[in-house]
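Below: the structure, in structure tokens.
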Amino acid sequence: MGKIILTGDRPTGRLHLGHYVGSLRRRVELQNAGDFDRMFVFMADVQALTDNADNPEKIRQNIIEVALDYLSVGLDPNICTIFIQSHIPELTELTTYFMNLITVSRLQRNPTVKSEIQMRNFEANIPAGFLCYPVSQAADITMFKSTTIPVGEDQEPMIEVTREIVRRFNSTYGDVFVEPEIMLPENKAALRLPGTDGKAKMSKSLGNCIYLSDSAEDVWQKVRGMYTDPTHLRVDDPGHLEGNAVFTYLDAFSTDADFAEFLPEYANLDELKEHYTRGGLGDMKCKKLLNQIINKMLEPVRQRRAEWQKDIPAIFEILKKGTESAREVAANTMSEVHRAMQIDYFNDADLIKQQAEKFKF
Ligand code: TRP
């Protein structure tokens, strides 16, 4: 069995640096390394609707935003299949069968879903679809026999649920599915990039994101206002790295080559950190460096975006083609599922003969 890579994003907003270091950067590297049988990237609009049922316009508008983000970071539709979840009805069907293989209490124990419920004030009124979205995610993953899921740490519980469902399905109906492996970012700072305000996570609702589509000016405004160390009042004061968003971002993004290019008085980040904690290094210098690093990274992304924006209809065509191609795979998997679950009545000549025998005379 070769490697099959799959990931998705909810199209609820433009993608930001948290998405980039958590997963997008890895996807592009994997794509370019070429070491896989197939690679799928998709927009999880069905999942997005589980907590946006009353706001379909938001999802509709963000399909193209996310597609532009994908294409501008360098995902290549000639190499990876880009598709839209809602247009693969087989996913909904498989989700329904998977629902029978997991309990409500197991779903209620999912730490990511729990914190999302809290954030959305859903405690008293959880939409059933929202509680069950990890089951739908298990269908997304297994439908394509995916082996490798490059995602952030917050997706770990979903992969665990998927693995449990796969084991349950295979032991009940026979081997059809593969247990996927999560592929976490190697860089520890990238596991959960904080917002520019230093809060736990970059999130659109907290207004603490740097978007892949931000202009150089936007990025500088945001970096300049970033949370650092509230006890670091004068340049001479010793600074602290713990919880300091600027240094967490430098951990996630900077390379030694960046130091050589932008701040050659320091060989690497360790030397910069050492000076900062000793005292005598101002926040502004660190922020300017970070700004240069982020903008250097985003410049090619902006250029590709500007090109793709000139032909939006072509992007819809790419999504349509990708969806058609993904659907062929889904149809094959569902034939196997129908056979394994013994619901392939019309294709089973033995069943028809046997039933005819049973009801003779
Ligand atoms: N839950 C993921 C997110 O919020 C999106 C997603 C849906 C996904 N289905 C997936 C990710 C399958 C990886 C694999 O970002």
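Would you confirm, using the coordinates I've provided, whether residue 99 is of a type in the set (A, V, I, L, M, F, W, C), modelled with pLDDT of 95 or more and open to solvent by 30 Å² or more (accessible area, probe 1.4 Å)? Considered against the rule, which asks whether it is of a type in the set (A, V, I, L, M, F, W, C), modelled with pLDDT of 95 or more and open to solvent by 30 Å² or more (accessible area, probe 1.4 Å), residue 99 comes out as yes. Within segment 283-306, residues that are among the acidic types (Asp, Glu) have Cβ atoms under 7 Å from residues that are not in a helix (DSSP H, G or I) in these pairs: 283/228; 283/232, counting only partners at least 6 apart in sequence or on another chain. Residues that are farther than 28 Å from residue 64 by Cβ and of a type in the set (S, T, N, Q) occur at least once in segment 338-350. Here residue 192 fits the description: outside any helix (DSSP H, G or I) and within 16 Å of the ligand (Cβ to nearest atom).
In the set (1) surrounded by fewer than 16 Cβ atoms within 10 Å (Cβ to Cβ); (2) within 32 Å of the chain's Cα centre (by Cα); (3) at pLDDT 95 or above, the condition left unmet by residue 278 is number (2). In segment 1-28, the residue that is farthest from the ligand (Cβ to nearest atom) out of those that are charged (D, E, K, R) and within 19 Å of residue 84 (Cβ to Cβ) is 14. Give the residues of segment 17-64 that are open to solvent by 30 Å² or more (accessible area, probe 1.4 Å), free of Cβ contacts under 8 Å to residues at least 60 places away in the same chain and in a loop (DSSP other than H, G, I, E, B), sorted by residue number. Answer for segment 17-64, where residues must be open to solvent by 30 Å² or more (accessible area, probe 1.4 Å), free of Cβ contacts under 8 Å to residues at least 60 places away in the same chain and in a loop (DSSP other than H, G, I, E, B): 34, 35, 37, 54, 55. Each residue in segment 137-157 was checked for being near the ligand (Cβ under 8 Å from one of its atoms), crowded, with 22+ Cβ neighbours inside 10 Å and in a helix (DSSP H, G or I), and 3 of them qualify. One residue alone among 169, 130 is within 13 Å of the ligand (Cβ to nearest atom), of a type outside the set (Lys, Arg) and either assigned to a helix (DSSP H, G or I) or within 26 Å of residue 193 (Cα to Cα) (or both), and that residue is 130. Just the residues that are within 15 Å of the ligand (Cβ to nearest atom) and in contact with a Pro (Cβ under 9 Å, 6 or more places away or on another chain), please, taken from segment 42-57. Within segment 42-57, 43, 44, 45, 48, 49, 50, 51 meet the criteria. Between 186, 116, 123, 93, the distinction of being open to solvent by 20 Å² or more (accessible area, probe 1.4 Å), touching a residue at least 60 places away in the same chain (Cβ under 8 Å) and away from the ligand (no atom under 15 Å from the Cβ) belongs to 93 only.
Selection of segment 70-90 for residues being in contact (Cβ under 8 Å) with a residue 40 or more places away in the chain, more than 16 Å from the ligand (Cβ to nearest atom) and within 20 Å of residue 36 (Cα to Cα) yields 71, 74, 76, 77, 79. Taking the criterion of being more than 26 Å from residue 95 (Cα to Cα) and not in a helix (DSSP H, G or I), would at least one residue in segment 302-323 satisfy it? Yes, segment 302-323 has at least one match. Residues in segment 237-273 that are more than 18 Å from residue 294 (Cβ to Cβ) and exposed (fewer than 12 other Cβ atoms within 10 Å of the Cβ): 242, 264, 265, 270. When residues in segment 223-236 are screened for being part of a helix (DSSP H, G or I) and either in contact with a strand residue (DSSP E or B) (Cβ under 7 Å, 6 or more places away or on another chain) or open to solvent by less than 60 Å² (accessible area, probe 1.4 Å) (or both), 1 of them pass.
The values are calculated or read from the model by the stated rules, or taken from the named source; none is laboratory data. Predicted model only: the values in this text are computed from it and were never measured. For neighbour counting, all protein chains shown are included, and Cβ atoms are generated from backbone atoms with ideal geometry for every residue, glycine included. Calculation scope for accessible area: heavy atoms of the full protein, side chains included, ligands and nucleic acids excluded. Shrake-Rupley method; radii C 1.70, N 1.55, O 1.52, S 1.80 Å.
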